[in-house]
1. Check which residues have an amide H placed less than 5 Å from His211's amide H, if you skip close sequence neighbours.
2. Can you give the extra length, in nm with one decimal, that the chain gains between Trp176 and Val245 once fully stretched, where that is 0.36 nm per residue apart less the Cα-Cα distance?
3. Between Ala192 and His220, 0.36 nm times their residue separation minus their Cα-Cα distance comes to what?
4. How long are the three semi-axes of the equivalent ellipsoid for the stretch 117-223, computed from the Cα gyration tensor as the root of 5 times each eigenvalue, in whole Å, largest first?
5. Quick one: which residues, 5+ away or cross-chain, put their amide H under 5 Å from the amide H of Ile170? H built at 1.01 Å from N.
6. Would you mind checking which residues have amide H under 5 Å from Cys228's amide H? H placed 1.01 Å from N; only 5 or more apart, or other chain.
7. Report ³J(HN,Hα) in whole Hz for each residue of the stretch 29-41, in order, from the Karplus equation J = 6.51 cos²θ - 1.76 cosθ + 1.60 where θ = phi - 60°; Gly and Pro get x.
8. Run the Debye formula on the Cα coordinates of the stretch 140-183, all scatterers equal and no solvent, and tell me log10 I(q)/I(0) at q = 0.18, 0.23, 0.30 1/Å.
Amino acid sequence: MPPRSVAPHHTSALVLFSGGQDSTTCLAQALARYPRVETLGFDYGQRHSVEMTARLNVLREIRERFPAWSPRLGEDHVLDLAVLGKVSETSLTRDKAFEMEASGLPNTFVPGRNLLFLTLAAALAYRRGIQVIVTGVCETDFSGYPDCRDDTMKALQVALSLGMDHRFLIDTPLMWIDKAATWQLAHDVGAASGVADGGKQLVDLIVEHTHTCYLGDREHRHVWGYGCGVCPACELRARGWAGFVAR
């Protein structure tokens, strides 16, 4: 689908950018929509910390492959949230096997992560004079995480706007689409970029340079990218790829 139209007063965006498939797709769409885009990453002691390197590679590749977007891509910010890893007893921040908890949530759920991410993103956006915060949370292909739900995002948008007396828009482009549609969205945004074969270029960039695997595996290369192939993130990404190429 082509990039959505934007209200004239929305001219800047801060993208929560991990270096994974979802946040890269959101970044590409933001660059197609907003004249000024900045990125924000978080280092919270995650086991898949390789994403901190991947995100820099993705930013470099986007600048090189999509020259029309490069002038729009502004400062990259990284915040140290080691405290989140210290208070979280999860398989993303500890050497633990992936399993379901008694709560019905997988132990990949980091309590408060997205709430904290968005609060800090809003504080940064406030200081930088940015109106839109973009995040790749999704209620279609997710593991039941309560902080990925649309209701949570709407409540946060209201709370942050009131608490900072600054009208924020929390944009969630992937909220109602599955992983196959996320691959397709990346293709469509790239195709509309003006770059020759831009759809394939962006998809290839995501395959080769983004990182999603919870175990941080960059040794095993699959048709959909690098990863262990068995963690929940890899399974979801692989299933989405299969649906995308079957279209």
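1. Excluding prolines and chain starts, which carry no amide H, the hits are Gly20, Gln21.
2. 22.9 nm is the gain from fully extending Trp176 to Val245.
3. Gain on extension, Ala192 to His220, equals 6.9 nm.
4. After diagonalising the Cα gyration tensor, the semi-axes are 29, 18, 14 Å.
5. Here Ile133 satisfy the definition.
6. Amide H neighbours of Cys228: Leu215, Asp217.
7. So the Karplus estimates, Gly and Pro as x, are 5, 4, 5, 6, 10, 10, x, 9, 9, 10, 10, 9, x Hz.
8. -0.59, -0.80, -1.04
No lab work stands behind these numbers, since they all come straight from the coordinates. What you see is a predicted model, and the numbers here were worked out from it, not measured in a lab. Backbone-built Cβ (ideal geometry, glycine too); neighbour counts: all protein chains shown.
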